[in-house]
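Chemist: Quick one: the structure is below, questions incoming.
Just so it is clear, none of the values below were taken in a lab; they were calculated from the coordinates. What you see is a predicted model, and the numbers here were worked out from it, not measured in a lab. Because the Cβ atoms are built from the backbone with ideal geometry, glycine has one as well, and the counts that use them run over all protein chains shown.
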Amino acid sequence: MRNVFLFIRRYFNFLFFLVLQVVALSFLFRYNKFHEAAFLTVATEVTGGFNKKYNNVEYYFQLKKTNDSLAKDNVRMHQLLKENYEAPGNEKKLIVDTVKIDSLKKIQKYYFMDAKVVGSTTALQTNYITIHRGAAQNVKPNMGVVSSQGIVGTVVNVSQNYATVMSLLHRQYKVVVKLKNNNDRGTIEWDGLSPLFVTLKDIPKSVKVTKGDTVLTSPTSSLFPANIMVGTVYEVVDDKTSNFYTLKIRPSTNFFNLEYVYVIENQQYDEQKKLEDSTRKKFQ
Amino acid sequence: MSVLLKNIIRFALFILIQVFVLFKVPPLHRFITPYLYFLFILWLPFNLPRFSLTTIGFLFGLSLDYFTNTPGLHAAACTLIAYVRPFIINLLISQEGSDKNYTSPSITSMGWAPYATYVVVLTFLHHSYLVFLEWMSFGSFWYFLGKVIATTAVSLLLILVTELLFYRNEKFRTNTV
């Protein structure tokens, strides 16, 4: 026993170093499951505060671009107004089922909430965005986030007033999307090469794909409503060893000057998740 | 200004500059990430016990991690260089014992060549370990090699600029009282 103590005393610094390494590595590799382990929720609140202060200054330099994108978004919304679609004759009058729109509000599946972006990175391999809206404002993990231009990412962690969003530019981010032309589904990933491009995989070669094709969110993704813009095909890489295309996609979202995003709440997410999980359990 | 206060201010400044200036630089290439923050550990005083040096390294790295949402990544790399630092200093310091006569490592206290070696070795060690941990989760060997070399080169350039801009005047202390 005495020797053990002597050993510890002799190599105390080295052992202490090893302990710290083990702690750090366990934070790192168990990150996805153990947010509490690293006090991340508390830390998000603190770093979010710093990010907010920085953003107060940075915001003024982006005002022009933010204004432009909001104006464009408004135009798009105006185009969708029912008053724009007026047919000349009586027999083609547009009739809206008022029951569905007004009194049965419960059928709305997706709710949009606006949020201010206070911090973001694009230079790393694991990029996150911090938004100023948290658990107290109804943000929960696994909510989709879009901007006025296209999809941005998914909420992964929330504190009281802030939330961190795993952006499309994250090595572990995956989302199911579809091609607009023929509704074929594939998965979007980021290969970490350039923040200007992401990759779309799992599109079979039987499908005809050309440069410039539009990529939209798929109705099978439970995080996003269908048909939200993701990006356009920039290059079709013909991989001879595979039956699937690797498509280089230019995301429509500009990650360098995000100012406002919309957090999407899927009202039926828990229900769908529960059903899918229980089905999986049943047949295991 | 006392050494403690100076280092507390440096701690905050290095983290903030890394997060709000260097990480905001639009990426030039996937291999290049400008890192400067670990210079804080290189500038810590000579007379710190190894136990506190390792602890400071860990806490410093962890506070950067909270900004980048990667708990443990920078902490592991910083702990490593903080632990290895005393060994390198013992190897490089000359016989006169400048670690007794000066407060912290710098060009004046160690001399050009030993200080440059000290910076290069620790920078390389820091980046290798950091990129190695990244490589464990994703990436290929060429990614590892390219990123270590490119990032080390950029960091050394940044450190050179910092040393020239913020010249630290180290006072010679004698124990002949």
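Chemist: So what is the orientation-averaged projected area of the range A:165-284, using the convex hull of its C-alpha atoms, in nm²?
Modeler: Working: hull surface 36.8 nm².
Mean projected area of the Cα convex hull: 9.2 nm².
Chemist: Take each of the peptides A:195-205, A:145-155, A:230-240, average the number of other beta-carbon atoms within 10 Å over its residues, and list them starting from the highest.
Modeler: Details: A:195-205: 18.0, A:145-155: 23.3, A:230-240: 14.7.
So the peptides A:195-205, A:145-155, A:230-240, ranked by packing, come out A:145-155, A:195-205, A:230-240.
Chemist: Within a 10 angstrom radius of the beta carbon, how do B:I17, B:I8 rank from fewest other beta carbons to most? It would help to have the intermediate numbers written out before the result.
Modeler: Numbers: B:I17 15, B:I8 11.
With the fewest neighbours first, B:I17, B:I8 line up as B:I8, B:I17.
Chemist: So what's the projected area for the range B:3-165, the Cα convex hull averaged over all directions, in nm²? Don't jump to the answer; show the numbers that get you there.
Modeler: Details: hull surface 37.9 nm².
Average of the hull's projected areas for the range B:3-165 equals 9.5 nm².
Chemist: How many partner chain Cβ atoms sit within 10 Å of a residue's Cβ in peptide A:14-20, on average, as a whole number?
Modeler: Numbers: counts 3, 0, 7, 11, 2, 3, 14.
Taking the mean over all residues of the peptide, I get 6.
Chemist: Given the DSSP H assignment, sum -39500 (n - 2.57) over each helix run of at least 4 residues in chain A and divide by its residue total; what's the result at 222 nm in deg cm²/dmol, nearest 500?
Modeler: Working: 4 runs with 81 residues, N = 284.
It lands at -10000 deg cm²/dmol.
Chemist: Given DSSP loops and a limit of at most 12 other Cβ atoms within 10 Å, what is the longest stretch of chain B that contains no such chymotrypsin sites (Phe, Trp or Tyr not before Pro)? Let's see the in-between values first.
Modeler: On the way: sites that count: B:F166, B:Y167, B:F172.
Maximal segment without exposed cleavage sites: B:1-165.
Chemist: Distance between Cα centroids, the range A:139-216 to the range B:121-155: provide it in whole Å.
Modeler: First find each Cα centre; the distance between them is then 27 Å.
Chemist: Just from its helices, what would the mean residue ellipticity at 222 nm be for chain B, if runs of 4 or more DSSP H residues each count -39500 (n - 2.57) and the sum is divided by every residue, rounded to the nearest 500 deg cm²/dmol? Present the calculation step by step, with values, prior to reporting the outcome.
Modeler: On the way: 8 runs with 117 residues, N = 177.
Counting only the DSSP helices, I get -21500 deg cm²/dmol.
Chemist: Throw me the Rg/Rh for the range B:19-94, computed over C-alpha atoms with Kirkwood Rh, two decimals. All intermediate terms of the calculation are to be shown ahead of the outcome.
Modeler: Values: Rg = 14.0 Å, Rh = 13.5 Å.
For the range B:19-94, the value is 1.04.
Chemist: Return the average number of partner chain Cβ atoms within 10 angstrom of each residue Cβ along peptide A:146-156.
Modeler: Values: counts 0, 0, 0, 0, 0, 0, 0, 0, 0, 0, 1.
Going residue by residue through A:146-156 and averaging, the value is 0.
Chemist: How large is the dipole of chain A about the Cα centre if only Lys and Arg carry +1 and Asp and Glu carry -1, each at its Cβ, rounded to the nearest 20 debye?
Modeler: Result for chain A is approximately 760 debye, rounded to the nearest 20.
Chemist: Taking the number of other C-beta atoms within 10 Å as the exposure measure, put B:T117, B:T152 in order starting with the fewest.
Modeler: Numbers: B:T117 15, B:T152 19.
Fewest-to-most Cβ neighbours within 10 Å comes out as B:T117, B:T152.
Chemist: Which residue fluctuates the most in chain A, going by a Gaussian network model with Cα springs under 10 Å, if the choices are A:Y59, A:Y11, A:Y128?
Modeler: Ranking A:Y59, A:Y11, A:Y128 by mean-square fluctuation puts A:Y11 first.
Chemist: Give the share of C-alpha pairs in each 10 angstrom bin for the range A:211-254, from 0 to the last occupied bin, in whole percents, shortest bins first.
Modeler: 28, 40, 29, 3
Chemist: Also: How many Cβ atoms of partner chains, on average, are near each residue of B:23-34 if near means within 10 Å of its Cβ?
Modeler: Details: counts 7, 8, 2, 4, 10, 1, 2, 7, 0, 1, 3, 1.
If you average over the peptide's residues, the count of other-chain Cβ atoms is 4.
Chemist: Ranking B:L13, A:L28 by Cβ neighbours within 10 Å, fewest first, what do you get? Provide the component values of the computation, followed by the final result.
Modeler: On the way: B:L13 12, A:L28 21.
So the ranking, lowest neighbour count to highest, is B:L13, A:L28.
Chemist: Treating the protein assembly as shown as a set of equal point scatterers at the Cα positions, no solvent, please give the Debye-formula log₁₀ I(q)/I(0) at q = 0.08, 0.12, 0.14 Å⁻¹.
Modeler: -0.59, -1.12, -1.40
Chemist: Can I ask one more? For the pairs A:K211/A:K273; A:K65/A:K211; A:K273/B:K24; A:K52/B:K171; A:K240/B:K147; A:K140/B:K6, note any where the Cα-Cα span goes beyond 32 Å. If you can, show how the numbers build up before the last one.
Modeler: On the way: A:K211/A:K273 36 Å; A:K65/A:K211 27 Å; A:K273/B:K24 37 Å; A:K52/B:K171 40 Å; A:K240/B:K147 29 Å; A:K140/B:K6 41 Å.
Over 32 Å Cα-Cα: A:K211/A:K273; A:K273/B:K24; A:K52/B:K171; A:K140/B:K6.
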